[in-house]
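Colleague: Pasting in a structure now, in structure tokens, and then I'll have a few things to ask.
No value in this document is a laboratory result; all are computed from the given coordinates. Since the model is a prediction, treat every value here as computed from it, not as a measurement. Virtual Cβ from ideal backbone geometry, glycine too; neighbours counted across all protein chains shown.
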Amino acid sequence: DHKLPLVINTWPFTVATRAAWKVINSTSGTPLDAVEQGCTACEVAQCDGTVGYGGSPDESGETTLDAMIMDGTSHDVGSVGCLKRIKSAISVARKVMELTNHTLLVGDEATRFAISTGFKQENLHTNKSVGIYKSWLENNCQPNFWKGVTPNPRSSCGPYRPADTCQSLDCKQDTNHDVSSDNHDTIGMIVVDKNTIAGGTSTNGANHKISGRVGDSPIAGAGLYVDKDIGGSAATGDGDVMMRFLPSYQVVESMRLGMSPKKATTEAIMRIKKYYPHFNGALIAVNMAGEVGIYIHCNSFKNHCNVN
Ligand code: SD4
């Protein structure tokens, strides 16, 4: 017996869940408002250092943000990728959805759009992000996202060492990504009430990404997908790998064919695992009856595996 309304999100980001719940439980609250407020709470709280400002500096030391919001009734989507110098990524995404005919704006131009709609431009650095960046520079700039040796005119370190000479275990996996349970947490949130469904994502991406990198979180069908006739799904984890499979769309389509949320998330993860056995990632899903399913692929996400 599942009760609506319902809020689910990735990770134990209860500050976000509570903020969304407060909105959806009020008389005028809509799932879209709840998603925006929920993800905003995480951006303000800098959940796990991987949502909002002050986390995951890229190769040049800058924090950039990815976010998306989707309306399951109209099928409207608004997204920002590699958003710079603006803290409220999910709210800018909502402005993209509501004020424009576009779906995704990126980089400095997304910043310009945000400023034109009233957002404040701010530095996203914190002492913590500067510290993470400095220690990375001091540790020979281990190239997280390059395949092999790369002369590096792009940042102040380099030339890079080849990935296979590094000592860490991660280097021996199929991807060079710096993935640990501390470095890959997106908020993906879905809110369902008896009328409709909405979803959102927000993240500062991956530590030491190549400047300009956009992950899965702002890509419809990859980081998130919602459909009022079926339900919704959201992803967290190694977005560079996961976005190749549009897993959130896959989950919703599997549920459309009759799979439970649990089975659909399991199946979508298995498709990725077949090609990338060591990737880190998880999917959450809910159908319009309020039935929930999640599947976590355990690698460095292993601390979270007991919920499978
Ligand atoms: C990304 N998927 O940018 C995001 C990060 C993440 O759990 O979800 N971490 O690749």
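Colleague: Cross-link partners among lysines for Lys95, C-alpha distance below 17 Å, same-chain residues fewer than 8 apart left out?
Modeller: Lys84, Lys87, Lys120
Colleague: Taking the Cβ of Glu253 as the centre, find all other residues whose Cβ is under 14 Å away and add up their charges (Lys, Arg: +1; Asp, Glu: -1).
Modeller: Net charge around Glu253: 0.
Colleague: Pairs of lysines 8 or more apart, or on different chains, with alpha carbons under 17 Å: count those in segment 183-308, would you?
Modeller: Total qualifying Lys-Lys pairs in segment 183-308 comes to 5.
Colleague: In addition: Give the cross-link partners of Lys22 among the aspartates and glutamates, using a straight C-alpha distance below 20 Å as the criterion and excluding same-chain residues fewer than 8 apart.
Modeller: Hits, sequence-local ones excluded: Asp33, Glu36, Glu43, Asp71, Asp193.
Colleague: Something else now. Would you mind counting up the charge near Thr236? Only other residues with Cβ under 10 Å from its Cβ, with Lys and Arg at +1 and Asp and Glu at -1.
Modeller: Net charge around Thr236: -3.
Colleague: When Lys and Arg each count +1 and Asp and Glu each count -1, what net charge do the other residues less than 12 Å away from Thr117, Cβ to Cβ, add up to?
Modeller: That works out to +3.
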